[in-house]
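K.L.:
Shown below is the structure under consideration.
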Amino acid sequence: MKDTLIIEGGYPLYGQVRVSGAKNAGLVLMVASIMAEGETILDNVPRIRDVEVLIKILEDLGVSTRWNEDGSLSLYSPSGGLRSKTSYELAKQLRASNLFLGALLGRQKEAAVSLPGGCDIGSRPMDLHIKGIQALGAEVSLEHGFIYARAKSPRGGRVYLDFPSVGATENIMMMAALTPGQSIIENVAKEPEIVDLANFLNSMGARIRGAGTDIIKVEGVESLRGGRYAIIPDRIEAGTFMIAAAITGGEVLVENVIPTHLHPISAKLQETGALVRETDKGILVKGIENIAPVDIKTLPYPGFPTDMQSQMVALLCLARGSSVVVENVFENRFQVVDELKRMGARIKVEGHTAVIEGVNGLLGARVKATDLRAGAALILAALAAHGSTVIEEAVHIFRGYENIEDKLRSIGAHVLR
Ligand code: EPZ
């Protein structure tokens, strides 16, 4: 996994940067598009590696796709039906391929998706996904690393999620949309991407209510029809650039955001002393000299997002004092700590908790991106560090951030690829 980024640190960032469409909405909406025969057009799909891999998986299933002149993505599902089994080679590159489970069960009453490989941030089990589709009548067997599911007589059901899993909520919602009868899903994820999926499915003729709250109710319908839909902006990319302004002591206007989606991030950033202001053009963030230490607990939305945890750890390395960060969503999401320590950070990890002693400055070093958000955190640390940092395996970063080096350069960062 090559691709290397070289960043010369010490330059405060100034200017404005435009956020792309949300990766975690785009991926699930691309999958959901196969539930309707005919063409679906999606606007604001970010051109990132994960989207390119998902396009290959869609094509392998029989969907034809095309990037249009206006930047939108067309997806065409043939009326004759699709293959129901994702290819292992492709699916293992993308955890989100597990979302074909609900979409294929909804449309074709059968699905075979490869059990997602272990991921750097934890085991990523599928037990809640399986519990949910079984409640709607699917019979499931696990063989040769695949989940085989078949619903001979699917019918609406009721399921309570032990944990508000984003993927499980999405899979069950998609299957329920085309399963006869009423389904009730409780203790669901409330992330903005869940609401975007429900809005998209409803625009195709589904009858889903309650997305964004703890309970989602679905009245199954016969079929869905394709249409055109614009994906929400990426709140995690926005948060990453907000921290870039704070950590470099610069001033950046982050454009194309939905402020309510950013409230957990804005609130925490303000606690560190950064100036965060909502304007009609976007969120304006101004960094300050003395970063205050803060404590963070990651939680499902609307709590502080786990996908922003590594980025905040990078910022808190330079705070005046010690901060405590507790990761409650994934069991192993502090890999970035070892890399930050190579840059002079002082962090102690005990289980789900990291204690960060702020230092006066970080030094550029050779580091490695272990996953997407850890890579983003290393970029942030490098932007503030003295000297140059070489980030290896930067391909992880390109999986989820569209044109990140151009966007960084446009606000004054010294980045080479
Ligand atoms: C989605 O992953 C996102 N990915 C992740 O973003 C994000 O970190 C995560 O939600 C939490 O917000 C996409 O949307 C493509 P979960 P997902 O199911 O659905 C446990 C990024 O950086 N769990 O909400 O896989 C699981 O082990 C990525 O953009 C079960 O125990 O997350 C984890 O500890 C990283 N059983 C916790 O729930 C299950 O059946 C949260 O997982 C399912 C999940």
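The values are calculated or read from the model by the stated rules, or taken from the named source; none is laboratory data. Owing to the predicted nature of the structure, the values given are computational and were not obtained by experimental measurement. With ideal geometry, Cβ positions are generated from the backbone for all residues, glycine too; neighbour counts draw on all protein chains shown.
K.L.:
Name the residue, out of Gly249, Gly226, that is surrounded by fewer than 24 Cβ atoms within 10 Å (Cβ to Cβ) and outside the structural domain of Leu73 (by TED's automatic domain parsing).
P.N.:
None of the other options fit; the residue is Gly249.
K.L.:
Among the residues of segment 283-293, how many are surrounded by 20 or more Cβ atoms within 10 Å (Cβ to Cβ) and under 12 Å from Leu315 (Cα atoms)?
P.N.:
Residues flagged as surrounded by 20 or more Cβ atoms within 10 Å (Cβ to Cβ) and under 12 Å from Leu315 (Cα atoms) within segment 283-293 amount to 2.
K.L.:
Let me spell it out: the conditions are (1) part of a helix (DSSP H, G or I); (2) not assigned by TED's automatic domain parsing to the domain that holds Gly226, and Gln16 meets all of them except one. Which number is the exception?
P.N.:
(1)
K.L.:
For the structure I just gave you, tell me whether Glu59 is free of Cβ contacts under 8 Å to residues at least 12 places away in the same chain and within 21 Å of the chain's Cα centre (by Cα).
P.N.:
Criteria not met by Glu59.
K.L.:
Follow-up question, since we're still on this one. Return the only residue of Gly81, Gly26 being within 11 Å of the ligand (Cβ to nearest atom), under 21 Å from Gly226 (Cβ atoms) and not β-branched (Val, Ile, Thr).
P.N.:
That would be Gly26, the only listed residue that is within 11 Å of the ligand (Cβ to nearest atom), under 21 Å from Gly226 (Cβ atoms) and not β-branched (Val, Ile, Thr).
K.L.:
What number of residues within segment 359-377 are in contact with a helix residue (DSSP H, G or I) (Cβ under 7 Å, 6 or more places away or on another chain), touching a residue at least 40 places away in the same chain (Cβ under 8 Å) and more than 14 Å from the ligand (Cβ to nearest atom)?
P.N.:
Residues in segment 359-377 being in contact with a helix residue (DSSP H, G or I) (Cβ under 7 Å, 6 or more places away or on another chain), touching a residue at least 40 places away in the same chain (Cβ under 8 Å) and more than 14 Å from the ligand (Cβ to nearest atom): 2 in total.
K.L.:
Just for segment 382-414: of the residues that are of a type in the set (Asp, Glu) and more than 17 Å from the chain's Cα centre (by Cα), which one is farthest from the ligand (Cβ to nearest atom)?
P.N.:
Asp406
K.L.:
Report whether or not Ile48 is within 23 Å of Ala376 (Cβ to Cβ), more than 16 Å from the ligand (Cβ to nearest atom) and either at pLDDT 95 or above or surrounded by 20 or more Cβ atoms within 10 Å (Cβ to Cβ) (or both).
P.N.:
Against the criterion (within 23 Å of Ala376 (Cβ to Cβ), more than 16 Å from the ligand (Cβ to nearest atom) and either at pLDDT 95 or above or surrounded by 20 or more Cβ atoms within 10 Å (Cβ to Cβ) (or both)), Ile48 does not qualify.
Conditions tested, residue by residue: (1) assigned by TED's automatic domain parsing to the domain that holds Ser223; (2) surrounded by 19 or more Cβ atoms within 10 Å (Cβ to Cβ); (3) among the polar types (S, T, N, Q).
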site	(1), (2), (3)
Ala36	yes, yes, no
Lys56	yes, no, no
Asp70	yes, no, no
Tyr76	yes, no, no
Ser79	yes, no, yes
Glu89	yes, no, no
Ala96	yes, yes, no
Gly106	yes, yes, no
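K.L.:
Now, a different point. Ala267 - would you say it is in the same structural domain as Gly10 (by TED's automatic domain parsing) and surrounded by fewer than 20 Cβ atoms within 10 Å (Cβ to Cβ)?
P.N.:
For Ala267, the condition - in the same structural domain as Gly10 (by TED's automatic domain parsing) and surrounded by fewer than 20 Cβ atoms within 10 Å (Cβ to Cβ) - is met.
K.L.:
Check whether at least one residue in segment 1-23 is surrounded by 23 or more Cβ atoms within 10 Å (Cβ to Cβ), hydrophobic (A, V, I, L, M, F, W, C) and within 16 Å of the ligand (Cβ to nearest atom), and report yes or no.
P.N.:
Yes, segment 1-23 contains a residue that is surrounded by 23 or more Cβ atoms within 10 Å (Cβ to Cβ), hydrophobic (A, V, I, L, M, F, W, C) and within 16 Å of the ligand (Cβ to nearest atom).
Matching residues to (1) of a type in the set (Phe, Trp, Tyr); (2) more than 16 Å from the ligand (Cβ to nearest atom); (3) in contact with a helix residue (DSSP H, G or I) (Cβ under 7 Å, 6 or more places away or on another chain):
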position	(1), (2), (3)
Arg225	no, yes, no
Ile243	no, no, yes
Ile247	no, yes, yes
Pro264	no, no, no
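K.L.:
Another question, if that's okay. Give segment 197-245 a look and list any residue that's farther than 23 Å from Gly400 by Cα and hydroxyl-bearing (Ser, Thr, Tyr), or say none.
P.N.:
Matches in segment 197-245: Ser203, Thr213, Ser223.
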